[in-house]
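No lab work stands behind these numbers, since they all come straight from the coordinates. Given the structure is predicted, the values throughout are model-derived calculations rather than measurements. A quick note on method: Cβ atoms are made from the backbone with ideal geometry, for glycine too, and the neighbour counts reach across all protein chains shown.
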Amino acid sequence: EGHQQLRRVLGRGGHGIVYKGVLEDNMVVATKKSKMMEEAQTKEFAREIFILSQINHMNVVELLGCCLEVEVAMLVYEFVSSGTLYHYIHSKEPTANIALDTRLRIAAESAEALAYMHSSASPPILHGDVKTANILLDDKLNAKVSDFGTSKLAPTDEAAIATLVQGTCGYLDPEYLMTCQLTDKSDVYSFGVVVLELLTRKKALYLEGPEEDRSLVSRFTTAMKAGRHQELMDSQVRKEMNDEMATEIVDLLMRCLSMNGEERPTMKEVAERLEMLRRYQQHPWSEAKGNAEENQSLLGIEHQNPNYQFRQHDVLDLEEGSTYTFSL
């Protein structure tokens, strides 16, 4: 057991408030105080927290403990110092460059975490709310996937689980919206939006302007049909990316964003592809103009591209400066 003091609010969401806290040994942590839940929800929540406590992956925010002295659970996580990927992309000065390699690394690390949850956790875990606001960055810009408030344990018998639709507009899998069935391919779609947001530095959803321009995915697919998709990319990305890289990234994006979940790759495939693209970006051949054969070999291009189809939040009353006891 240990004691911690809650210092300040880091963020608010539909599932509660996240505070910055300090343990007795001066370790800085992030503490989420969850919303009130019914008994059945509490049992399900406890089971999911037990599964999450088993996860040990460098790109998943570590769950350190759970506070037991209050009516609703307080979850204690490692503190990740540089904030969210959303803030990193959209709060920097427009003229501040973000290197393509940095973007690819953040994407690859996030994909590795989701692939681990889907393929290596037992039972598999579906995140359910993949977005740039739920990917944290440490002081070296290493990615940490966070916020498992909407996560589900994947059914081991492959039976579909119908749920109330949860998630964030702009990132929601259209197939999930129609069926209310969360699958691993729902996370893949949402992750495709994250990568698109990383490469364009445009928000997933704009609430102003013409309706057809509010969704980043809609803008991208429309631009794809017109052959003008590279115009959406951030200027730094266009500057660093050659034709082979652009083709491969667009190919991956369109596969992830397919309207048909069965046509989307697995997160493991996405992670492997992103790591390959990152190695290609770092390779000196990527700067050469006359080495198409070598470039294709490095990228592993052996296939033809398939045809693609183209609340106010509840704020809990928690006095800052209060001290609570939690168990590790």
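Quick look at the values:
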item: Exceeding the 28 Å Cα-Cα cut-off - candidates 185/239; 144/202; 20/239; 32/144; 33/202; 33/268; result: 185/239; 20/239; 33/202; 33/268
item: Packing rank of 96-103, 140-147, where each peptide gets the mean count of other beta carbons within 10 Å, highest leading; result: 140-147, 96-103
item: Per-peptide average of other Cβ atoms within 10 Å, ordering 179-189, 56-66, 269-279 highest first; result: 179-189, 269-279, 56-66
